[in-house]
Structures are given as structure tokens and as C-alpha cells.
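Only one structure is covered here, and it is reproduced in the block below.
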Amino acid sequence: MPLRIGLACVVAYLVAAVLAVVIGRWRAAPAVVYGAIVAISAAGLGSAFFALVSDDLNTRLALPLGLPLTGGALRIDALSAFFLLVVNLGGLAAGVYGIGYGRHERSPLRVLPYIPAYLAGMNFVLMADDAFTFLVAWEFMSLASWILVLADHRREENARAAYIYIVMASAGTLCLLLAFGLLAGPHGGYAFTAMREAAQPPLIAGLVFLLALVGAGSKAGLVPLHIWLPLAHPAAPSHVSALMSGVMTKVAIYGFIRIVFDLVNEPASWMSLIVIAFGGVTAVLGVLYALLQQDIKRLLAYSTVENVGIIFVGLGLAMAFRAHDMAVPAALAMTAALLHVLNHSFFKSLLFFGAGAVVHASGERDMERLGGLIRRMPHTAIVFLIGCAAISALPPLNGFVSEWMTFQAILVGPQLPHWGLKLIVPTVGALLALAAAFAAACFVKLFGTVFLGRARTAAARNAHDVDRFSLAAMYALAALCFLSGVVPGPLIDMLAPVAHALVRARMPEQSGIAWLSIVPIAASRSSYNGLIILSFLICSGVLTATVIHRFATRATRRSAIWDCGYPDPSLVTQYSGSSFVMPIRRVFGAALFDIRETVEMPPPGSAKPARFSLKVFDPAWRFAYGPGTRAIWTAAGKLNRLQFLTIRRYLMLVFAALIVLLIVVAAWR
Amino acid sequence: MAMIYDLVAQGLQMILVLAVAPFILGVTRKVKARLLRRIGPPLLQPYRDIWKLMHKEAVMAHDASWLYRGTPYLLFATTWVAAALIPTYSTGLLFSWSADLIAIVALLATGRFALALAGMDVGTAFGGIGSSREMLIASLAEPAMLLVVFTVSLVAGTTQLSAIAEHMIHGSVGLRVSLGLVLFSFIFVAIAENARIPIDNPATHLELTMVHEAMVLEYSGRHLAMIEAAAALKLTLYFSLLVCLFLPFGMATGDKSPLAFAIGLAFYLSKIMLLAVLLPIAETAVAKMRVFRYPVFLGGAFATAALAVFLLFVSQGF
């Protein structure tokens with residue numbers, strides 16, 4: 001049943017896409033299309049949810065599509081049901097947001113048809129049960145999102161972002177193609193069932209793992225494969241950015257889990273070592289890059305890189321524990337990673353929606369030109385603050401729960417018998433703590449610069465809150481952040497079948513534990529209760545405020561800023577975002593980034609203004625891509641001469657090539 | 001009936017930390033003043049300060065938002081709840097399992113997050129500089145703190161504070177080099193988190209290197225009272241945490257009779273009083289650091305804690 005509903009959703013999305021092409025020029029088109037998205041994704045969400053809780057899984061369906069003789073195999077198991085839930089929840093939120101936000105789209109025909117197509121692609125990836133269907137759906141998803149990145153194609157940087165994106169996406173798909181080719185073996189068993197049953201030799205399994213890490217990791221944004229992500233995600237309209245960051249990276253993670261945990265028989269410890277190391281490095285570097293950004297949406301995109309890193313740490317730990325037959329910690333690490341997948345989709349969608357609201361209201365993406373929006377956009381400010389606190393892993397919100405569970409899994413790490421893992425696990429624990437502290441700094445900077453202080457420009461002064469639909473979507477997501485932070489127990493129980501399918505164990509049943517606490521392994525070891533913490537906080541805060549107001553004084557006087565007696569009325573002397581991060585940039589950034597600071601001080605007596613400029617470059621470009629790019633350019637320059645040969649020489653070349661090939665064939669025999 | 005008894009014991013702990021916190025601050029100030037050959041304020045001065053501030057009119061900037069007004073209460077609530085969840089005179093109180101060591105550290109981070117935002121609310125240069133430095137210190141201190149948590153929980157096999165304390169009292173812990181090392185690094189972190197010398201100077205205003213005081217510069221009246229109370233609570237919290245992790249002897253563990261509680265209370269109070277005397281002695285011996293020396297100080301804490309973790313691995317054998 002869920003499979004049929006899922007398939008119906010994909011078809012309905014495609015119909016909506018075609019419909020959008022037909023009616024795209026109508027004034028009511030956005031409302032119709034986004035309304036359709038809301039309806040379809042609600043259906044998909046509902047069916048995925050019921051499939052997961054009622055265990056109505058593992059139905060199969062063969063479609064008469066695709067290659068002759070094979071057709072397309074579809075299946076929904078616990079893993080795909082969970083990710084279908086994430087995708088359709090993101091689609092639902094983006095649809096509701098889009099009903100309001102999409103009205104302001106300048107060229108709706110460049111956006112409207114592709115969002116349903118994009119959602120159809122992501123849904124289809126999750127249902128695919130053979131390599132061919134998977135790859136077709138994967139490419140469909142990539143291409144649809146590529147078109148959405150190009151929605152505002154007149155901006156030079158968007159064209160560049162889209163170009164880099166398509167190159168990286170193709171390279172990633174190529175890796176996945178090779179991985180599936182290796183898994184299919186010489187007999188070409190492209191169905192996932194066949195791959196699962198075939199026993200791969202360790203060498204093949206290792207190669208498949210590396211290819212999957214590169215292929216899915218490039219889509220998810222693992223450092224150093226992340227370079228396209230902070231360019232492409234912000235280029236799209238904000239609700240599409242939310243889908244790309246909050247949802248598509250999760251589809252990539254699904255691809256990784258599917259191949260590494262499901263199709264490859266036994267993950268080895270060295271594989272988990274690589275995943276944990278990449279995850280930790282990605283988390284810290286991602287958030288450090290995010291700290292240094294000035295563009296709101298690019299900051300959020302880099303923070304996605306960080307969260308992907310946290311998820312990969314969880315996955316790597318699950319692989320490590322599974323490789324050493326420690327099923328219960330493996331289930332904990334896996335559940336932590338999956339819960340973070342869900343939580344990140346909540347708060348990252350929320351934050352991108354909020355950023356979209358700010359950009360729409362003020363026309364500015366540069367946070368140094370905003371400020372004081374908490375007074376102009378009170379609703380957006382509240383929900384954005386909740387999103388910021390959730391992503392900074394602060395209790396009692398949801399980001400903390402999944403990070404806490406990851407830490408609990410890390411604390412079991414020393415019991416691993418493998419030397420390398422024993423040493424890397426505490427290191428990664430410290431890296432994650434560093435990432436959490438940076439994330440808090442990063443989101444204090446973001447919220448403080450954009451929403452607090454005084455408005456730095458007229459655009460910020462005249463901003464206004466957004467429409468009801470956008471606000472409804474944001475409030476709903478904020479409520480989800482709260483709920484899943486305060487009572488995470490049911491979510492953890494919901495993930496039990498997924499964890500069981502992947503690591504053959506589950507976390508302890510949470511629903512029976514008193515007071516709605518969560519217990520990762522055993523109650524004597526650790527437990528956390530968001531509900532009690534929240535009620536304690538509310539009680540003590542409200543109690544204190546009431547007592548003071550009632551028995552001391554509630555007199556308040558408004559006056560000018562004090563600022564130690566020297567307030568500067570100028571708006572530009574406020575602390576800006578880049579001055580906020582200056583200490584962290586000095587301490588941590590100098591070694592890790594290309595930072596070029598130039599100060600121009602005019603000589604005494606000159607009336608010219610002093611200038612300061614700061615440029616931060618992502619070192620991944622220089623180290624990971626620079627050599628390759630240079631080699632290609634050099635080779636292209638050298639080979640360029642071949643373009644200007646005479647006909648005789650061309651004939652000679654053809655003849656020589658023929659001879660060489662014949663010799664090769666002869667030698668091969 | 002047993003439930004009510006447990007609730008009373010938990011409530012007593014909440015009131016205890018709140019009641020004792022300003023006094024501890026008063027002791028540190030008095031000792032410091034005596035060491036500097038001043039008479040110093042009376043021991044009860046912090047209570048009087050808070051009382052006075054609470055009854056004063058709060059002056060706020062024209063464009064201060066709701067965040068600015070709400071933050072003092074949130075900060076106070078997070079610090080108070082965190083302090084109340086650390087075992088002081090007894091382990092295994094009614095709600096002690098609702099947050100473990102990691103959650104308590106994260107609760108403090110919530111308060112810091114709110115306060116750093118409030119520092120940026122009215123758009124002053126001082127508020128911004130304070131927030132910015134506070135977040136730098138946090139990003140240096142948190143990894144070190146996590147490694148401390150890591151070591152302690154490896155030794156005790158749990159992150160639950162009550163269970164750690166019981167393990168330290170009853171278990172065969174003995175003298176461990178790694179515990180000594182993390183004690184060292186815990187003290188460094190605690191100094192940084194409480195804005196004490198050499199990281200920050202709680203006694204000054206108008207010093208260019210101030211951090212915490214810069215962040216709360218605009219606050220006055222009842223809001224400032226809340227922030228001062230939260231600062232006092234935080235100091236007590238770190239003292240209790242130190243006592244609970246490293247010197248838990250005397251705490252009531254199995255026996256939940258009033259007598260055991262009284263003995264535990266006496267031990268707890270004398271231990272934190274001792275710490276309140278030791279802290280200013282250490283403070284008067286060093287000078288305030290420049291901001292860009294913080295990484296050396298806290299990096300030292302991190303390195304020590306990392307060394308402790310690896311030592312623990314080696315000593316546990318393979």
C-alpha cells in the first residue's frame with residue numbers, strides 16, 4: 001500500500017509539473033502549483049509515517065519502465081520510509097511557504113514546473129530497488145535542482161554556481177555508477193536484492209565503499225567535495241534552498257546508507273575510520289567557513305556542511321560498532337545520525353525560510369547591511385531565533401538531543417577493540433564539541449547582526465513581516481523543533497525498525513520510561529529529559545520574574561543608550577558580523593584559510609577615508625581542485641595545437657592510432 | 001510520603017544553591033580584599049547588592065527588544081536549574097537523572113547564547129565586543145570541557161553525575177594520573193567560564209579587555225540583579241561540580257535519612273568554602289591576560305585533558 005501511494009505521489013508531482021508549464025503564466029499559478037505540492041506531499045508524508053509505525057513495509061512492485069527485460073523495481077523498506085517522511089515533510093513545509101513566498105517570483109515559469117519535478121525525483125530515488133532506476137531518479141533529481149539553481153540566471157554568480165554544480169553532480173553520479181557496476185558483478189545483477197545476496201570480496205567492497213563515499217558525499221557536501229554546495233544552495237529561491245539543504249543532502253545520505261549498510265555485506269573497521277575522520281573534519285571546517293560568511297544564505301549553506309559532518313560521524317560510529325559486533329552502541333549511533341537527519345531538516349528548512357523572508361522584506365542578503373529586524377519583523381524573529389538555538393545544539397531544543405546521543409555513542413567508543421578507532425573517537429568528540437561551540441558563535445553572529453542592533457540601511461529600516469502562509473510554515477517547523485526536542489522518545493521509537501534493519505539492533509524502548517526521559521543504553525549510564533528541563537526552566541524563570549515584579553519593582557524607564565557614557569549615534573559603529581568573528585578568525589582561521597586583510601590608511605592630512613577589506617577563500621579550492629584544474633588547463637593548452645594540423649598530418653595521426661590499437665589488441669590476445 | 005520526602009530533598013537543594021551562592025561570592029571578594037590589604041566589603045554585601053538592584057528602576061535603551069528584557073530571567077533560570085541538578089549534599093535526588101553532565105554543560109551554553117545575543121541587542125560597541133569574546137572563550141573552553149567529561153565518564157562508566165559521585169566514593173578509583181590532569185584542566189575551564197582572572201576581571205568596568213562586564217554593560221535594575229545572581233550561581237555551580245566530580249567524600253549516597261543529609265551538607269559547605277578561599281589566593285598571584293593569549297591558557301587546558309584521555313587508554317591496556 002505505501003508503495004502504491006508513493007508511486008501515485010510521484011506521478012502526481014509529475015502531473016503538477018506539466019500543469020505548471022501549461023498554466024505558468026496565470027496569476028493564480030503559484031497558488032495552484034504550491035497547493036498541489038502541499039496536498040501531494042501531505043499524502044506522501046502520511047503514507048510514509050503509517051508505513052513506518054505500522055510496519056507495513058517491504059512491499060515490492062515492478063514497473064514496466066526502464067530497460068527492456070529488467071523493468072524498474074520499486075520497494076519501500078524501513079530506511080526508505082523514513083527518508084520519504086523527511087522528503088515529504090520538507091516538501092510540505094516548502095509548499096505552504098511557497099503559497100505565500102512564490103507570489104513574488106518574477107519569472108514563475110523558471111521555478112514552478114521544476115519544484116514538483118524535483119520532489120518527484122527525490123521520492124523516486126528513495127523507492128528505487130535496482131541500480132538503474134536509482135541512477136535515473138538520482139540524475140533526474142540533480143537536473144531538476146540544477147535548473148532551480150539557474151532560476152535567477154541573469155546573475156553571473158548563479159551561472160557559475162550552476163556550472164560547478166552540474167560538474168560536481170555528474171562526477172558524483174559517475175562514482176555511483178561505478179559503485180553499482182562493481183556491486184552488480186560480472187553477471188549484471190542490477191537489482192538491489194541480487195547485490196545484497198552476492199558476496200563481494202573485500203577489495204571490491206572497499207572500492208564500492210570509496211566510490212559511494214565520493215559519489216554520495218559530494219552530493220551531501222563532505223569536505224572537500226562541498227565546494228559546489230555553498231554556491232548552489234543559496235542561488236536558488238529560498239524555499240528551494242531549504243529543499244536542497246534540508247532535504248536533498250539527506251537523499252544523498254540515504255544513498256550512502258543504502259550502499260554501505262545495506263548492499264555491501266560487511267563494513268570493515270578501516271571504512272568506519274575514514275567516515276568518522278571525514279565527518280569530524282567536515283563538521284569543524286563547515287562551521288568555520290560558515291562563521292566567516294557575510295551572506296545569510298551562504299552562511300546557512302555552509303552550516304549544512306557542518307551538520308552533514310555530524311551525521312557522517314554518527315554513521316561512521318555505527319559502522320565501527322557494527323564491524324566489531326557491538327550491536328547496541330551501533331543502534332545508538334545509527335539512531336543518533338538518523339535523528340539528526342530529521343532534526344536538521346526541521347531547523348535548516350526553518351532557517352532558510354526565515355532567510356527568504358528577510359531577503360524578501362529587505363532585498364538584502366548581506367547581513368552587514370541589515371540589523372534591528374526584531375522590531376520590524378517580530379514573527380520572523382521569533383521563529384528564526386528558535387531555529388538558531390536549535391541548530392546550535394542548545395537544550396531543550398531538538399538539535400541538542402541528536403548531538404547528545406552522538407556524544408553518548410562517542411563515549412562508548414573506547415570499548416572498540418581497534419587501535420585506530422580507539423584513538424580517533426575521542427578526537428572526533430573534541431572536534432564535535434568545537435563544532436558545537438562554533439555553531440553557537442555562528443548563529444549568535446547571524447541573529448545578532450541581522451535581527452538585533454540598529455538598522456544599518458534604509459532597506460532594513462523599512463522591512464516588514466511576511467505573509468501568513470510563510471509564517472505558518474515557519475511557525476509549524478519551529479513547533480516541530482520544540483516538540484522533538486522536548487519529547488524525543490516517540491521519534492526514537494519510530495526509528496527503531498530502521499536501525500534494526502541496518503545494524504540488527506535497536507535502542508531501548510523509550511515509550512515505557514518514566515517521565516518521558518530518553519535513555520540511550522541503560523538508565524544507570526545516562527539519561528536526559530527535555531520535558532523536565534523545560535518545565536524547570538519555565539517554572540523558575542516565570543517564578544522569579546513574577547516575584548520580582550510583584551514584590552520588588554516593575555518600574556522601567558526608557559532612555560538613550562548608555563554605552564559607558566560614550567554612545568556613538570552613527571549606525572556603522574555597531575559591532576558588525578565580521579568584527580564579531582574577528583577573534584575566532586585570528587585564533588582559528590589563520591592556519592586554515594586563505595585570509596587576505598588589507599588596510600589602507602591615508603597619510604596624515606589627507607581627507608581620503610581609511611579602507612579595510614577582508615577576503616576569505618575556501619582553501620579546498622586551492623588544495624583539492626587547484627592542481628587538477630591547472631593540469632587540465634596545461635594539457636588543453638598543449639593539445640590545442642592538434643586543432644591546427646594539415647590534412648596530411650591528421651591522416652597520419654589516424655593511421656598511427658589505428659596501428660597502436662592493433663598492436664594493443666594483438667598484445668591483449 | 002516517600003515521594004514528598006524526595007521532592008523536599010530536591011527542593012532543598014534548589015534553595016540551598018540559590019541561598020549560598022551570593023555568600024560564596026562574598027567570601028571570595030573578602031579574601032581577595034584581605035590579600036590586597038584592604039578591609040573589603042562585608043560578607044553579606046552580594047545579598048545587599050542584589051536586593052538593592054531588585055528594587056531599582058530598570059533603565060533600558062529606547063530600542064531594546066523583548067529579547068533584552070527576557071534574557072536575564074532565562075540566564076538566571078538556566079543557571080539555577082543547572083546548579084540544582086548537580087549533586088551537592090546527596091546523590092540520587094528526585095530529578096538528578098533528568099540531565100547528565102553533558103546536558104548541564106549545554107544548559108549553561110543556552111544561558112550564554114541568550115546573554116551574548118542580549119549584548120548585541122541595542123547595537124553598542126561594548127556589547128558587541130563582550131559577546132564576541134564570550135563566544136571565543138566558549139569555543140576554546142568547550143572542547144576542553146568535553147574531554148574532561150570524556151575522561152571522568154570513562155573512569156566511572158557513566159555521564160550521570162550522581163553515579164559518577166557514587167563511583168568516586170565507593171569504587172576502587174584510587175589515585176589516577178588522568179583524574180589529576182583533568183582536575184587541572186577543569187579548573188582552567190572553570191576560571192574561563194566564570195570570567196575570573198586571568199581571563200577576565202569581574203571587578204572592573206571600563207577596561208578594554210573586559211568580557212562579561214562589557215556584555216551586560218547596558219543592564220540595570222532588576223535585570224542586572226538577575227545577571228549578578230546568575231553569575232554568583234555559576235561560580236557556586238562550578239564549585240559544586242568540582243566537589244561532585246573530584247572530592248565527593250561525605251556526600252549522602254545510599255542512606256537518605258535527615259542525619260546523612262545533614263552530614264553531607266556540612267561536608268559540602270565546608271568544601272565549597274575552602275574553594276572560595278583558594279580561588280582568590282590563586283587570582284592574586286597572576287595578572288590579567290591579553291585577549292589573544294586566551295588560546296594559550298585554554299589550549300593548555302585542552303592539551304592536558306587530551307593527555308589525560310590518552311593516558312587512560314594506555315593505562316587501561318589493550
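Work through the residues other than A:Arg27 whose Cβ is under 13 Å from its Cβ and net out their charges, Lys, Arg +1 and Asp, Glu -1.
That sum, taken over residues with Cβ under 13 Å, equals +1.
Give the residue from B:Val243, A:Pro508, B:Ala141 lying farthest towards the positive end of the charge dipole for the protein assembly as shown; charges sit on Cβ (+1 for Lys and Arg, -1 for Asp and Glu) and the dipole is referred to the Cα centre.
B:Ala141
Quote the relative contact order of chain A in percent (integer), defining contacts as alpha-carbon pairs under 8 Å separated by 6+ residues.
Over chain A, the number comes to 12 percent.
More than 27 angstrom separation, counting every C-alpha pair in the stretch A:48-169; what % is that?
30
Please report, in debye to the nearest 20, how large the charge dipole of the stretch A:609-669 is about its Cα centre when each Lys and Arg carries +1 at its beta carbon and each Asp and Glu carries -1 there. Write out the running numbers ahead of the final one.
On the way: 9 positive and 1 negative charges, 37 e Å.
That gives a dipole near 180 debye.
How would you rank A:Arg258, A:Arg196, B:Arg222, going from fewest to most other Cβ atoms within 10 Å of each one's own Cβ?
Starting with the residue having the fewest Cβ neighbours, the order is A:Arg196, A:Arg258, B:Arg222.
Which one of A:Ile259, A:Ser527, A:Leu543 is farthest out on the positive end of the charge dipole of chain A, using unit charges on Cβ (Lys, Arg +1; Asp, Glu -1) and the Cα centre as origin?
Comparing the listed Cα positions along the dipole, A:Leu543 ranks first.
If you count, for every residue in A:393-402, the Cβ atoms of partner chains within 10 Å of its Cβ, what is the mean?
That average works out to 4.
Could you list B:Ser240, A:Ser511 in order of exposure, starting from the residue whose Cβ has the fewest other Cβ atoms within 10 Å? Before the final figure, lay out each step's value.
On the way: B:Ser240 29, A:Ser511 9.
Going from least to most buried by this count: A:Ser511, B:Ser240.
Please give every one of the lysines within straight-line cross-link reach of B:Lys30, meaning a C-alpha to C-alpha distance under 18 Å, and leave out same-chain neighbours fewer than 8 residues apart.
B:Lys271
Where both residues lie in the protein assembly as shown, what percent of DSSP beta bridges are antiparallel, nearest 5? Could the numbers behind the result be given before it?
Working: 16 of 21 bridges.
Bridges in the protein assembly as shown are about 75 percent antiparallel.
Give the distance, in whole Å, between the Cα centre of the stretch A:334-388 and the Cα centre of the stretch A:530-551.
27
All other residues with a Cβ under 11 Å from the Cβ of A:Gly255 taken together, and with Lys, Arg as +1 and Asp, Glu as -1, what is their net charge?
After counting each charged neighbour, the total is +2.
Would you give the gap between the C-alpha center of the stretch A:590-669 and the C-alpha center of the stretch B:1-67, rounded to a whole Å?
Rounded to whole Å, the Cα centres lie 64 Å apart.
Could you please rank A:Phe384, A:Phe451, placing first whichever residue has the fewest other Cβ atoms within 10 Å of its Cβ?
The fewest-first ordering by Cβ neighbours comes to A:Phe384, A:Phe451.
If each DSSP helix of 4+ residues adds -39,500 (n - 2.57) and the sum is divided by the residues in chain A, what number results at 222 nm, nearest 500 deg cm²/dmol?
Here the helix-only value at 222 nm equals -21500 deg cm²/dmol.
Below 8 Å, C-alpha to C-alpha, sequence gap of six or more: please give me the relative contact order for the stretch A:342-438 in percent.
Relative contact order here is 22 percent.
Output the pairs from A:Lys250/A:Lys348; B:Lys52/B:Lys288; A:Lys297/A:Lys348 with a Cα-Cα distance over 18 Å in this structure; if there are none, say none. Could you put the intermediate results ahead of the total?
Numbers: A:Lys250/A:Lys348 12 Å; B:Lys52/B:Lys288 30 Å; A:Lys297/A:Lys348 11 Å.
From A:Lys250/A:Lys348; B:Lys52/B:Lys288; A:Lys297/A:Lys348, over 18 Å: B:Lys52/B:Lys288.
Can you tell me the dipole magnitude for the stretch A:308-372 around its Cα centre, using point charges on the Cβ only (Lys, Arg +1; Asp, Glu -1), in Debye to the nearest 20?
I would put it at about 100 debye.
Could you tell me how far the Cα centroid of the stretch B:250-298 sits from the Cα centroid of the stretch A:197-267, in Å?
48
Given charges of +1 on the Cβ of Lys and Arg and -1 on the Cβ of Asp and Glu, with all other atoms neutral, how large is the dipole of chain A about its Cα centre, in debye to the nearest 20?
That gives a dipole near 1720 debye.
Just so you know, all these numbers are worked out from the coordinates, no wet-lab data involved. None of the values given here were measured: they were computed from a predicted structure. Note that we place each Cβ from the backbone using ideal geometry, even for glycine, and neighbour counts take in every protein chain shown.
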